[in-house]
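The values are calculated or read from the model by the stated rules, or taken from the named source; none is laboratory data. What you see is a predicted model, and the numbers here were worked out from it, not measured in a lab. Cβ placement follows ideal geometry from the backbone for every residue including glycine, while neighbour counts extend to all protein chains displayed. Note: areas computed on protein heavy atoms with side chains; ligands, DNA, RNA excluded. Shrake-Rupley method; radii C 1.70, N 1.55, O 1.52, S 1.80 Å.
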Amino acid sequence: MTIVVNAPFSRSPYLGRTIENGARLAASEVNAGGIPIAGTTYDLRVVTMDTALSPARAVVNMRRAVAKHAVAVVDEGTGIDASWRVARSAGVPVGVVFEGGREIIDPETRPNVFRIAPTDHGVAFRLAEYLVPKRLRLALLHDDSDYGAAGEQALTSAFSQNRSSVAIDETLPSDALDLGPQVLRARRAHATGLLVWGRPATIAAVLTAARSSGWNVPVFTPPAGSDPFIRQQLADHPQWVDGVTFAGGRLTAEVGTGPYLGFEHKYESSFGVDRVGVESGGRPVIAPPESAMYAYDFVNLLAAALLKAGSTEPAKVTATLNEVTTEGANGDQRAFNRHNHEGVVDDDIYFARFQDMIYAPVKDDPLSATLPTLPQTQ
Amino acid sequence: MRRIALAMLAGLTVAASAHAAPRANYVSLPSPLAPLSASPPLSGGATAAAEGFRHRIAAKTRVDVALDRTGAPFAVTATQRLDVRVLGDYFFTIGAPVLDVQAAPGSASSPGLRSASILWAGFNPGRRTLIARATLAPAASAPSLPLRIEVTRGRVKLVNTTGVTTGSYTADALVPPLLRYLAELQRQVARGETPTSGGAYVTSKPTSTTLRIVVPLRVTGTVGTRTVNTVVDGNALILRGGGPIRLTVTAAVPQQLLSDPAAGQSGRRLLERASRATLTLARMRQYQTFLGNPDPTGANETTYAYRSASRPAPPAATIPYSPQRDWTTTIAVVIGLLAAAAGAAALWARS
């Protein structure tokens, strides 16, 4: 049985590769025993297709996946608003493992689309819940990429009851190298905090503009803030990254770091470590395989659904994905149901702050304060 | 049932106690916690994914039962409120023959729906209230309701359906330990604590027997203009008259078993009474837990509200469109068919 990984391998190679590796790792583990269905034991085979961040290419890839009789598609999320229909026509389930836009998931209208990744809605509301009591006046900065636009929508909704916490709301050009004027406008609006929702390049550009002008304003970001690209861009000024706080899906469960570290060990044994390219305390910094974890979990849920359905028919597998639960790579339970196709609950979004190029969960948030710091150096 | 009784006998601890009278053997009384049937709680109850700790949960459930003219339930909804304590992640599965589920006002999160369960997942910052309003399949959930109502012309019959026959044992027993245990059981129930298991010192060989266990039901409300405030036990209650039914039912503590005077009762009689008390408490606990509680030791409370209602009208039958044909067309068709038949006959005659 074929699983297609539809991701931006050429434009966001780190992201594409980590998603692919997560899917491959799960498939190899499932294949150790195979999936017995009606007297036949099946293996999972992973095939990759590059979206290049183009919605049009994503749709073409989805058609190819259907033509290959793929049993499921693991998708980064680009172009999903169009491609899900192609998959639906063949009953193929799609697991989104990166994009967090609210409209992507709707069990009523898009019954074949599932997601294991923090939602923009959850991230925005958790950020509001965390920041409003701090009495900061925030500049909401979002770029004009799909990711930034979805973030703008989520932030507008999250801060709708607390507009007094918003000093300025501004859209940034995602391809601009210098965001000095926009950051200056935020400063003149008497912002006391920047909430930047954009691609990693945008976040790096905002940090550069603010810090190079001597403005040591606190900066908050969605999960993109942990992308290695930002640290690579600011490698010459590690102190500029210090204090940046991002919201992300928790990597460990109540049982502790054991399950996650076990997963990370398997991942690194199979594919090597993902080096960030900077150092902390003189030691090389590595990136935890977060998106890989989500792809890994989706493939495991898929295998559980195949077993329970006792069928390789995609429509049956899609329906059965609502009825199975597995233990995720981090030890948390992963599950969908008929009302909810989100595998990461909003409650599981935590905050972490950078110091010397590595991050640690903050202590002034109830969930984050319970989480351990994961090793990020070699 | 016989097998259960034999198993219980086999499980008895027959260790002689230094404190007991000579030749008295210690035996366990039936558990006041172990369910006596598969349901309630519905669909196997509830589970919590183990993540190294346990949440403390108090569950309150209101079951709304809509009755038709004959008293038969045609719609059952359950609203379950979980008061969850202890900081940390939660993942609860509440078994139920659920058709749909929604978050009720005041819930901190939304429940998930599966074919046979309600799902809760999230992080509890210390205390969290989860409230689900579930529409249940009437055919699958009605058999687990504690009261059946039969309406016929001029009378309403209330039938306690909690009765179950279960295995137990009988023997001669020492009186003082049984009196102490019954008093302790009564105290625990009065304080709302989880009852603890107990034992007895028997002076003869235990023999298996069966007991019919019925939970007394506190029934309040109205039937027509008549006010009802009574306890329905093993005997059905017949109310003369009729009218809309609005009754609230809760499983009641078997006070008689726990607190009736025991003076003059033999050890054998007291043993049966203590066994009956623990089994009735176990059965009561089942009806206090119509929907499962993910915390096995958590407090449970269930109120059943029976209400007369109108069955929803079945969807209007669709009348298929059939084009009208006038008599001239019909005659023309018949003539055409006859002509065709005649032609076919002529061809066949020549062939």
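Please determine, by comparing only the residues of region A:296-339 that are more than 13 Å from chain B (Cβ to nearest Cβ) and among the charged types (D, E, K, R), which one is surrounded by the most Cβ atoms within 10 Å (Cβ to Cβ). Residue satisfying both the conditions and the ranking: A:Asp297. When B:Asp68 is tested against the conditions (1) surrounded by fewer than 22 Cβ atoms within 10 Å (Cβ to Cβ); (2) over 16 Å from the mean Cα position of the chain (by Cα); (3) within 14 Å of chain A (Cβ to nearest Cβ), the lone failure is (3).
Here is a yes/no grid of residues against (1) closer than 23 Å to A:His339 by Cβ; (2) assigned to a strand (DSSP E or B); (3) at pLDDT 95 or above; (4) within 14 Å of another protein chain (Cβ to nearest Cβ):
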| residue | (1), (2), (3), (4) |
| --- | --- |
| B:Ile118 | yes, yes, yes, yes |
| B:Arg133 | yes, yes, yes, yes |
| B:Ala142 | no, no, yes, no |
| B:Ile149 | no, yes, yes, no |
| B:Leu158 | no, yes, yes, no |
| B:Thr162 | no, no, yes, no |
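Taken over region B:120-131, the residue count meeting the criterion of being among the hydroxyl-bearing types (Ser, Thr, Tyr) and facing chain A (nearest Cβ under 9 Å) is 0. Of the residues making up region B:169-181, those that are part of a helix (DSSP H, G or I) and open to solvent by less than 40 Å² (accessible area, probe 1.4 Å) number 3. In this structure, A:Pro372 qualifies as touching a residue at least 12 places away in the same chain (Cβ under 8 Å), surrounded by fewer than 19 Cβ atoms within 10 Å (Cβ to Cβ) and in a loop (DSSP other than H, G, I, E, B).
Out of B:Pro97, B:Pro146, B:Pro125, B:Pro105, one residue alone is open to solvent by 10 Å² or more (accessible area, probe 1.4 Å) and touching a helix residue (DSSP H, G or I) at 6+ places or on another chain (Cβ under 6 Å). It is B:Pro97.
For every residue, the table says whether it meets (1) open to solvent by 40 Å² or more (accessible area, probe 1.4 Å); (2) polar (S, T, N, Q); (3) part of a helix (DSSP H, G or I).
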| residue | (1), (2), (3) |
| --- | --- |
| B:Ala183 | no, no, yes |
| B:Arg187 | yes, no, yes |
| B:Ala190 | yes, no, yes |
| B:Thr194 | yes, yes, no |
| B:Ser204 | no, yes, no |
| B:Arg218 | yes, no, no |
| B:Thr227 | yes, yes, no |
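When A:Leu127 is tested against (1) open to solvent by 30 Å² or more (accessible area, probe 1.4 Å); (2) out of contact with any helix residue (DSSP H, G or I) (no Cβ under 6 Å at 6 or more places or on another chain), only condition (1) is not met.
Restricting attention to region B:169-184, the residues that are under 16 Å from B:Pro30 (Cβ atoms) and of a type outside the set (A, V, I, L, M) add up to 5.
Only one of the numbered conditions (1) closer than 30 Å to B:Val84 by Cα; (2) crowded, with 21+ Cβ neighbours inside 10 Å; (3) modelled with pLDDT of 95 or more is violated by B:Asp295, and that is (3). Scanning region A:183-201 for residues that are over 19 Å from A:Tyr130 (Cβ atoms), modelled with pLDDT of 95 or more and either assigned to a loop (DSSP other than H, G, I, E, B) or of a type in the set (S, T, N, Q) (or both) gives A:Ala189, A:His190. If I filter region B:79-92 for residues that are more than 16 Å from B:Ala134 (Cα to Cα), part of a strand (DSSP E or B), facing chain A (nearest Cβ under 10 Å) and touching a Ser or Thr at 6+ places or on another chain (Cβ under 6 Å), do I get at least one hit? Looking through region B:79-92, none of the residues is more than 16 Å from B:Ala134 (Cα to Cα), part of a strand (DSSP E or B), facing chain A (nearest Cβ under 10 Å) and touching a Ser or Thr at 6+ places or on another chain (Cβ under 6 Å). Among the residues making up region A:98-122, those that are within 29 Å of A:Leu195 (Cα to Cα) and assigned to a loop (DSSP other than H, G, I, E, B) are A:Phe98, A:Glu99, A:Gly100, A:Gly101, A:Ile105, A:Asp106, A:Ile116, A:Ala117, A:Pro118, A:Thr119.
Taking the numbered list (1) of a type in the set (S, T, N, Q); (2) touching an Asp or Glu at 6+ places or on another chain (Cβ under 9 Å); (3) within 14 Å of chain A (Cβ to nearest Cβ) in turn, B:Ser110 passes all entries but (2). Scanning region B:202-246 for residues that are among the hydroxyl-bearing types (Ser, Thr, Tyr) and in contact with a Ser or Thr (Cβ under 7 Å, 6 or more places away or on another chain) yields a total of 4. One residue stands out in region A:340-360 among those that are part of a loop (DSSP other than H, G, I, E, B) and among the β-branched types (Val, Ile, Thr): the one that is farthest from the other protein chains (Cβ to nearest Cβ), namely A:Val344. The numbered conditions (1) in contact (Cβ under 8 Å) with a residue 60 or more places away in the chain; (2) within 30 Å of A:Trp197 (Cβ to Cβ); (3) surrounded by 24 or more Cβ atoms within 10 Å (Cβ to Cβ); (4) not basic (Lys, Arg) are all true for A:Ala70 except (2).
Within region A:291-324, being in a helix (DSSP H, G or I) and of a type in the set (Val, Ile, Thr) holds for A:Val299, A:Val317, A:Thr318, A:Thr320. Pairs linking a residue in region B:121-146 that is under 17 Å from B:Gln102 (Cβ atoms) and without any contact (Cβ under 8 Å) to a residue 40 or more places away in the chain to a residue that is open to solvent by 30 Å² or more (accessible area, probe 1.4 Å) and assigned to a helix (DSSP H, G or I), with Cβ atoms under 7 Å and 6 or more positions apart or on different chains, are B:Gly122/A:Asp347.
Could you tell me whether any residue of region B:263-283 is assigned to a loop (DSSP other than H, G, I, E, B) and acidic (Asp, Glu)? No, region B:263-283 contains no residue that is assigned to a loop (DSSP other than H, G, I, E, B) and acidic (Asp, Glu). Out of all the residues in region B:243-261, is one or more under 21 Å from B:Ala274 (Cα atoms), open to solvent by less than 50 Å² (accessible area, probe 1.4 Å), in contact with an Asp or Glu (Cβ under 8 Å, 6 or more places away or on another chain) and part of a loop (DSSP other than H, G, I, E, B)? No, region B:243-261 contains no residue that is under 21 Å from B:Ala274 (Cα atoms), open to solvent by less than 50 Å² (accessible area, probe 1.4 Å), in contact with an Asp or Glu (Cβ under 8 Å, 6 or more places away or on another chain) and part of a loop (DSSP other than H, G, I, E, B). Only residues that are crowded, with 16+ Cβ neighbours inside 10 Å, among the acidic types (Asp, Glu) and under 18 Å from A:Asn216 (Cα atoms) were counted in region A:165-186, giving 0. For region B:71-94, what are the residues that are more than 30 Å from A:Val255 (Cα to Cα), among the β-branched types (Val, Ile, Thr) and crowded, with 21+ Cβ neighbours inside 10 Å? The answer is B:Val76, and nothing else.
Per-residue answers, yes or no, for (1) part of a loop (DSSP other than H, G, I, E, B); (2) on the phi > 0 side of the Ramachandran plot; (3) away from chain B (no Cβ under 14 Å):
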residue	(1), (2), (3)
A:Arg211	no, no, yes
A:Ile230	no, no, yes
A:Leu251	yes, no, no
A:Val273	yes, no, yes
A:Gly277	no, yes, yes
